[in-house]
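These notes are about the structure you will find just below.
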Amino acid sequence: MKKILLIGTGGTIASEETGEGLAPGITASGLLSRLGGLGPETRVDSRELLALDSTNIEPRHWLMIAGCIKENYESYDGFVVTHGTDTLAYTAAALSYLVMGSPKPIVLTGAQKPIGMDSTDSRENLRDALLCAASDMPGVSIVFDHKVILGTRAKKTRSKSFSAFESINYPELGVIRDGAVVRFIRQECGAEPVFSGALDTKVSLLKLIPGIRREVLDFLFERSDAVVIESFGVGGLPESGGFFESVRQWQERGRIAVLTTQVENEGSDLGVYHVGSRLKKELGVLEAWDMTTEAVIAKLMWILAKTKNAPEVEKLFYTPVAMDMFPR
Ligand code: ASP
């Protein structure tokens with residue numbers, strides 16, 4: 001018999017109408033009781049860790065979820081975390097670094113419609129996630145709309161449809177078909193997971209718009225240990241307006257700059273255009289390549305809690321974890 005721990009954190013799946021919009025009100029055991037029987041091969045215990053709309057989730061909550069998994073790791077065969085969909089991809093990425101190389105499944109799921117509604121994806125997603133957590137699917141993944149997506153590669157790409165998540169620049173790990181997990185890829189894992197218990201939250205994200213001013217970048221660098229710049233296309237910074245100088249000055253003061261792209265698929269390639277190549281060659285800024293922005297943010301928080309030394313940050317940043325980037 002497989003023993004699964006269900007960890008509730010809130011989200012639409014557990015939400016009810018309050019008169020002022022949906023808010024989490026159903027506990028993890030309440031979710032289970034609305035699911036019906038699960039069969040004799042699986043025993044599910046539940047833990048109500050948080051009751052938050054995932055807009056309210058912060059890095060300290062990622063640490064709480066990782067801590068709950070660590071505390072219970074030996075007692076269970078797999079874990080399911082129910083979570084709001086809005087920041088689910090960030091939490092999945094964060095858990096991929098905080099609980100690295102887990103041989104046991106850590107499955108995140110949620111829903112676009114609350115479990116109490118007649119037409120809902122909650123029951124199917126939860127049932128699929130529990131199936132996946134009881135199967136041989138190591139590491140962190142998201143189960144949603146019958147797909148299994150690697151935790152470091154997920155992105156919410158639809159705000160209303162049941163097919164809310166896509167796997168970015170990496171194939172899906174599997175699908176759930178007729179109540180069975182069809183696995184295409186088995187994540188590599190260790191004999192034991194490596195847990196981390198710290199994050200540096202001084203990481204910021206700037207989305208470039210045409211005509212943006214340097215002061216915005218300076219404002220963020222002043223308050224951050226690392227700034228991720230979501231630039232255009234394969235990557236670059238406007239050549240007038242002092243952006244290059246800004247990055248150079250803040251790097252001299254020990255800040256980390258990472259260039260990524262606003263384009264969802266295929267990633268950055270900073271060396272291609274004049275607007276990007278100098279940043280790479282002369283300033284040695286880091287680039288995200290095929291990583292999602294969610295994974296870049298979580299990885300930087302995880303790395304910067306270990307070291308702020310630029311060459312060490314660079315080495316860790318380019319070391320793939322849970323296939324978050326293809327090796328270069
Ligand atoms: N606002 C909700 C949340 O992220 C949306 C959802 O769960 O689908 O908690």
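The values are calculated or read from the model by the stated rules, or taken from the named source; none is laboratory data. Because the structure is predicted, anything quoted here is derived from the model rather than measured. Neighbour counts run over all protein chains shown; Cβ positions are idealised from the backbone, glycine included. Calculation scope for accessible area: heavy atoms of the full protein, side chains included, ligands and nucleic acids excluded. Shrake-Rupley method; radii C 1.70, N 1.55, O 1.52, S 1.80 Å.
Give me the percent of accessible area attributable to carbon and sulfur for segment 75-135, probe 1.4 angstrom.
Percent of accessible area from carbon and sulfur atoms in segment 75-135: 47.
Over 14 Å apart: what share of the alpha carbon pairs of segment 276-328 falls there, rounded to a whole percent?
Percentage above 14 Å: 53.
Return the FRET efficiency for the residue pair residue 64, residue 20: r is the Cβ-Cβ distance, R0 is 22 Å, and the value is rounded to the nearest 0.05.
Working: r = 26 Å, r/R0 = 1.20.
That gives a FRET efficiency of 0.25.
How many angstrom separate the Cα center of segment 39-66 from the Cα center of segment 240-268?
35
In deg cm²/dmol, rounded to 500, what helix-only [θ] at 222 nm does the chain give when every DSSP H run of at least 4 residues adds -39500 (n - 2.57) and the total is split over its residues? Could the numbers behind the result be given before it?
Numbers: 9 runs with 91 residues, N = 328.
One gets -8000 deg cm²/dmol as the mean residue ellipticity at 222 nm.
Tell me, what ³J(HN,Hα) does each residue in segment 248-258 have, in order and in whole Hz, if you take phi through Karplus 6.51 cos²θ - 1.76 cosθ + 1.60 with θ = phi - 60° and put x for Gly and Pro?
Ordered by residue, 3J(HN,Hα) equals 4, 5, 6, 5, 4, 8, x, 7, 9, 10, 10 Hz.
With a cut-off of at most 10 other beta carbons within 10 Å, and DSSP calling the residue loop, which GluC sites (Glu not before Pro) in segment 1-56 qualify? Please list them.
Loop-located and lightly packed - 20, 41.
Which of the lysines could be linked to residue 280 by a straight reach, that is with a Cα gap under 16 Å, when you skip same-chain ones fewer than 8 residues away?
The reachable lysines, counting only those whose Cα sits under 16 Å from residue 280, are 315.
How high is the relative contact order of the chain, in percent, counting Cα pairs under 8 Å that sit 6 or more residues apart?
Values: 735 pairs, mean separation 48.6, N = 328.
Reported relative contact order: 15 percent.
Taking the Cβ of residue 242 as the center, what net charge do the other residues with Cβ under 12 Å away carry, scoring Lys and Arg +1 and Asp and Glu -1?
Taking every other residue near residue 242 into account, the sum is -1.
Of 308, 280, 315, which has the most accessible area and how do the rest follow, probe 1.4 Å?
Order by accessible area, largest first: 315, 308, 280.
Given charges of +1 on the Cβ of Lys and Arg and -1 on the Cβ of Asp and Glu, with all other atoms neutral, how large is the dipole of segment 57-209 about its Cα centre, in debye to the nearest 20?
Dipole of segment 57-209, to the nearest 20 debye: 460 debye.
Can you give the translational diffusion coefficient of the chain in µm²/s, computed by Stokes-Einstein from the Kirkwood radius over Cα pairs at 10 °C and 1.306 mPa s?
It comes out at roughly 78 µm²/s.
Given the C-alpha atoms of segment 1-137, compute the convex hull and give its volume per residue in Å³.
In segment 1-137, the Cα hull volume divided by residue count equals 93 Å³.
Grab the beta carbon distance between residue 245 and residue 273, set R0 = 25 Å, and tell me the FRET efficiency rounded to 0.05.
On the way: r = 19 Å, r/R0 = 0.76.
The pair residue 245/residue 273 has a calculated efficiency of 0.85.
Among 225, 118, 200, whose mean-square fluctuation peaks in a Gaussian network model of the chain (Cα, cutoff 10 Å)?
Greatest mean-square fluctuation among the candidates belongs to 118.
Using each residue's phi in segment 36-50, evaluate 6.51 cos²θ - 1.76 cosθ + 1.60 at θ = phi - 60° and report the 3J(HN,Hα) Karplus result to the nearest Hz, with x for Gly and Pro.
x, x, 10, x, x, 7, 10, 10, 10, 9, 10, 9, 8, 8, 9
Nearest 5 is fine: what % of DSSP beta bridges in segment 20-148 come out antiparallel, could you say?
The answer is about 20 percent antiparallel.
What's the magnitude of the charge dipole for segment 181-280 around its Cα centre, counting Lys and Arg as +1 and Asp and Glu as -1 at the beta-carbon? Answer in Debye, nearest 20.
About 60 debye.
Rg (Å, one decimal) plus Dmax (Å, integer) for the alpha carbons of segment 42-84?
Radius of gyration, then largest Cα-Cα span, for segment 42-84: 11.2, 32 Å.
Magnitude of the Cβ-charge dipole of segment 16-128, K/R +1 and D/E -1, about the Cα centre, nearest 20 debye?
300
Taking only Cα atoms and a 10 Å spring cutoff, compute GNM fluctuations for the chain and point out the largest among 211, 233, 151.
It is 211.
Hey, if you put +1 on the Cβ of every Lys and Arg and -1 on every Asp and Glu Cβ in segment 157-249, which of 174, 190, 232 ends up farthest toward the positive end of that dipole?
174
Once you place label points 7 Å from the Cα toward the Cβ at residue 163 and residue 75, how far apart are they in nm?
4.0
Provide, in order from the shortest bin, the percent of all Cα-Cα pairs of segment 1-82 in each 5 Å bin, continuing until the bin that contains the maximum pair distance.
Going from the shortest bin to the longest, the percentages are 3, 14, 24, 22, 18, 12, 5, 2, 0.
Taking all protein chains as present, what is the carbon and sulfur share of the accessible area of segment 190-328, in % to the nearest whole number, probe 1.4 Å? Before the final figure, lay out the partial values.
On the way: 3590 of 6630 Å².
Heavy-atom surface of segment 190-328 belonging to carbon and sulfur, 1.4 Å probe: 54 percent.
Can you give me the long-range amide H partners of residue 11? Hydrogens built in the peptide plane at 1.01 Å from N, cutoff under 5 Å, separation of 5 or more residues or another chain.
Correct list: 52, 53, 54, 84.
From the backbone phi of segment 184-197, what are the Karplus-calculated ³J(HN,Hα) couplings (6.51 cos²θ - 1.76 cosθ + 1.60, θ = phi - 60°) in whole Hz, Gly and Pro given as x?
Each residue of segment 184-197 in turn: 9, 10, 9, 4, 5, 8, x, 6, 9, x, 9, 8, 10, x Hz.
Find, to one decimal place in angstroms, the Kirkwood hydrodynamic radius of segment 79-151, where the mean of 1/r is taken over every pair of different Cα atoms and then inverted.
Over segment 79-151, the inverse of the mean reciprocal pair distance is 12.1 Å.
Which lysines, on any chain, are close to residue 3 with Cα under 16 Å apart, when same-chain ones fewer than 8 places away are left out?
Of all the lysines, those that pass the test against residue 3 - Cα under 16 Å, at least 8 places apart if same chain - are 70, 104.
Non-local amide H neighbours of residue 144 (under 5 Å, H modeled in plane, Pro and chain starts lacking H): which ones?
149
Would you please give the residues with an amide H less than 5 Å from that of residue 80, counting only those at least 5 places away or on a separate chain, with H modeled from the backbone geometry?
Residues meeting the criterion, in which the H sits 1.01 Å from N, are 5, 6, 7, 107.
Just how much of residue 119 is accessible, in Å², when a 1.4 Å probe is used and the result is rounded to the nearest 10?
80
For the chain, what is the percent of antiparallel DSSP beta bridges, rounded to the nearest 5?
Beta bridges within the chain, antiparallel portion: roughly 35 percent.
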